[in-house]
Structures are given as C-alpha cells and as structure tokens.
Amino acid sequence: MCESVFAIVVTHRRPDELAKSLDVLSTQTRLPDHLIVVDNDGTSDDSRVRDLVAGQPISTSYLGSRRNLGGAGGFALGMLHALAQGADWVWLADDDGRPQDTGVLATLLACAEKYDLAEVSPMVCDLDDPERLAFPLRRGVVWRRRTSELRTEAGQDLLPGFGLGITNLVARPTAQASELHSAELKAGREHLAALTDLYRPRIVAIAGVTAYRTAFGQPRAGTGPQPDPLGPARIWVLPNPSGLNASWTIPKLVEAFRDLRLHIED
C-alpha cells in the first residue's frame, strides 16, 4: 500500500504531552507522509508547540486556531487541510494519546488492506495499565474493560470477534450521496457480493436506501429487511444517518437501527 497518510494531532496547552506523542509518531516504521498539528491555543505567546512541530524529522504543518475548537472541531480543521493536500488516509490522535510502539501505523494499514476497510479504529488503552481499556466497550449486554476480553480466539482481529465487519459500496468521499454515479454503485454491489461469499455473514446492512436501490436495481425498495438475499446473507436497508437526510429524525433513526439489533438478537 503506497497511499499517502497524514497524521493529525489536536493539542491545547499541553506541550509536554504533545512532545511525548510526537516522539513516537515520528519514529514509526511506516512514517506518516505529513504531520498536521492543530493548536487550539494558536494566539498564545508560548512558542513551544510551534517549535515542536517545526523540529520534527518529517514534513509538517502547524495550524493555529484563534478559537478553541475542541477535539471535534480541531480534527475537522486538520482533516480538511489534509484532504485539500491530497491525503488518502488520515490518522487522528489527541495530544495525550500516543501509539503503543513504532509499528502501530503499519499495523493499521495492513488491517485496512487485509479486510478492504475504509476506516480502522485501534483500541485506546490506559497508559499506566496497557491491558486496561481507557473506555470500556460493550459486547452484547456485557461490558469489556480489558483487551483480553475482546477476542474470542488467540490472534483474532477485534471486529470479527464482535461478529462485525465494515466496508463501503464506493471507496471515495463525497459531500452528498447524489454525487455517486450508478456505475460506481453497481460495481460496489459486485464487490460486496464477493466479500459476502468470503466472510459469509448472516446479515448485510446497507445504510442509504437510495444507494441500495441503484446498486441492486430495486427502484421501489424501502428500509428494513429485503426479500432478495445477497449470497448467504439477508439484506437489511437502514436509513442514511447523514444530517442532510432531514426526513429521518434522531428518534426515527434510533428506531430503525434498534429494529435491526433486535432482529439479530432473536
């Protein structure tokens, strides 16, 4: 995989923590192609963050914000900057979070390539107790608090351990679903069919009824379970949770996704 990776770190008045994170980030066996640091205290007279960024051994950009955008706002600013420069992947981190070792980025990219993923979420663990999750995860009705509780088999990747997989019909970002071409969606259906034959899930859930109608040639389809399977799997169409999909309010979205969850648990 030779696609470009931009690392994005958001910081706010913690230069010492940032320095520790950048030390590990800039020594990865697969180095990021570019580092973007978003400083949510960009009007400060303290130059330590700027100096840290300028002193890294890889290509960098310092983005100082005149307002504290918070984590989400800082990442949004950094991602827009990365995408404008042609990034294929973005790797996100807070200033007090750091890779466990020098092989993390290579591992994430290998996982994405192996399973044809558009997004990979690493575990977030406690620095003082790396076997303990910083944020507990729920599996069914049981909360998991340690990394050893997430896998059902030795060496197993985590999503399969939860009985889950994530992919997409079209592997490119768009501002609106209407920007996708019918040929792309139909090609995505063939790719999805191949993945379904390989991993043999019980259910394939597709978010976005318009995309489903086009990709599968079902112009009258609605949300919910569909009559025609995809290989060994039943198809379930979910509403697109995009904010542009104004007809689906949050309560209605919750109900639609709950229906699928209850069906799976029957």
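What follows draws every value from the coordinates through simple rules; no lab data is involved. All figures in this text were calculated on a predicted structure; none of them were measured in a lab. Note that we place each Cβ from the backbone using ideal geometry, even for glycine, and neighbour counts take in every protein chain shown.
Close amide H pairs (under 5 Å, H built 1.01 Å from N) link ALA205 with TRP236, residues at least 5 positions away or on another chain.
Counting only alpha carbon atoms, the long axis of helix 104-115 and the longest principal axis of the chain meet at about 10°.
The mean sequence distance of close C-alpha pairs (under 8 Å, at least 6 residues apart), as a share of the length of the chain, puts its relative contact order at 13 percent.
Listing PHE135, PHE216, PHE6 from fewest to most neighbouring C-beta atoms within 10 Å gives PHE135, PHE216, PHE6.
Rounded to 0.05, the FRET efficiency of the SER182 and SER61 pair, given R0 = 45 Å and the Cβ-Cβ distance, is 0.75. Remark: the chain carries a charge dipole of roughly 920 debye about the Cα centre, counting +1 on each Lys and Arg Cβ and -1 on each Asp and Glu Cβ. The ranking of THR249, THR60 by Cβ neighbour count inside 10 Å, starting from the fewest, reads THR249, THR60. Who wins for biggest fluctuation among GLN28, GLN176, GLN226 in a Gaussian network model of the chain, springs between alpha carbons below 10 Å? Result: GLN176 has the largest fluctuation of those listed. Spin-label model, MET123 to HIS191: label points 7 Å out along the Cα-to-beta-carbon direction sit 3.0 nm apart.
Between helix 15-25 and the chain there is an angle of about 60 degrees, using the helix long axis and the longest principal axis of the Cα atoms. The distance from the alpha carbon centre of the stretch 202-236 to that of the stretch 14-56 is 45 Å, rounded to a whole number.
Work out the FRET efficiency for SER4 and ASP266 from their Cβ-Cβ distance, taking R0 = 30 Å, and round it to the nearest 0.05. List each step's numbers first, then the result.
Numbers: r = 45 Å, r/R0 = 1.49.
So, using R0 = 30 Å, E works out to roughly 0.10.
You can think of it this way: the chain between LEU83 and SER44 has 11.3 nm of extra reach, that is 0.36 nm per residue less the Cα-Cα gap. The angle between the Cα long axis of helix 182-199 and the main principal axis of the chain comes to about 90°, on a 0 to 90 degree scale.
Residue separation of ARG220 and TRP143 scaled by 0.36 nm, minus their Cα-Cα distance, works out to 23.7 nm of gained length.
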